[in-house]
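**Q** Here you go, one structure.
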Amino acid sequence: MSETETLRLDKWLWHARFFKTRSLSAKVIASGAVRVNGTRVSKPAASVRRGDGLTFPKEDEIRIVRVLDLGTRRGPAPEAQALYEDLTPPPAPKTPRASSPKFDGKGRPTKKDRRAIDASKPMSP
């Protein structure tokens, strides 16, 4: 493939296995949630080429990827992962929740433990 070749954006997202179907990738693109090189795109037929940067929502995070190759088919996962470089920053570490009095999270609390938990919670107005 030469440097000037392009591929439809919805097809590339499907080839790279970010979405299970092409129609799902087209729906995300049509909602205006995808950016190609910082420009908002709302047409699934928008072209993507090697070196383009894509930003799009996937589940509960924003994915940032750089297109390394266009691909010719939707292949297995290792082949799909070779199509892009993932630039998404790692997620922030989750803070542990504070444990309630007497109940340390092992098994189901007893009725006595639940009463203690309820008593430690502030009353809402």
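The values are calculated or read from the model by the stated rules, or taken from the named source; none is laboratory data. What you see is a predicted model, and the numbers here were worked out from it, not measured in a lab. Cβ: placed from backbone, ideal geometry, glycine included. Neighbour counts: every protein chain shown. Protein only, heavy atoms only, side chains kept; ligands, DNA and RNA dropped before computing areas. Shrake-Rupley method; radii C 1.70, N 1.55, O 1.52, S 1.80 Å.
**Q** Please go through segment 11-39 and give me each residue that is among the β-branched types (Val, Ile, Thr) and either in a helix (DSSP H, G or I) or out of contact with any helix residue (DSSP H, G or I) (no Cβ under 9 Å at 6 or more places or on another chain) (or both), ordered by number.
**A** Matches in segment 11-39: Val28, Ile29, Thr39.
**Q** Looking only at segment 18-33, count every residue that is of a type in the set (Ser, Thr, Tyr) and farther than 24 Å from Pro78 by Cα and tell me the total.
**A** Result for segment 18-33: 1.
**Q** Could I ask something else about it? Can you name every residue in segment 46-69 that is open to solvent by 20 Å² or more (accessible area, probe 1.4 Å) and not charged (D, E, K, R)?
**A** Ala46, Ser47, Gly51, Gly53, Thr55, Pro57, Ile62, Ile64, Leu68
**Q** Kindly provide the set of residues from segment 40-69 that are part of a loop (DSSP other than H, G, I, E, B) and either at pLDDT below 95 or among the small types (Gly, Ala, Ser) (or both), ordered by number.
**A** Within segment 40-69, Ser42, Ala45, Ala46, Gly51, Glu59, Asp60 meet the criteria.
**Q** Select, from Lys43, Lys27, the only residue that is surrounded by fewer than 18 Cβ atoms within 10 Å (Cβ to Cβ) and without any contact (Cβ under 8 Å) to a residue 12 or more places away in the chain.
**A** Testing whether each residue is surrounded by fewer than 18 Cβ atoms within 10 Å (Cβ to Cβ) and without any contact (Cβ under 8 Å) to a residue 12 or more places away in the chain leaves just Lys27.
**Q** Which ones in segment 87-111 are at pLDDT 80 or above, loosely packed, with under 10 Cβ neighbours inside 10 Å and farther than 30 Å from Arg66 by Cβ?
**A** Across segment 87-111, the qualifying residues are Gly107, Arg108, Lys111.
**Q** Another question about this same structure. How many residues are part of a helix (DSSP H, G or I) and either open to solvent by 70 Å² or more (accessible area, probe 1.4 Å) or over 20 Å from Ile29 (Cα atoms) (or both) when one looks only at segment 70-86?
**A** 4
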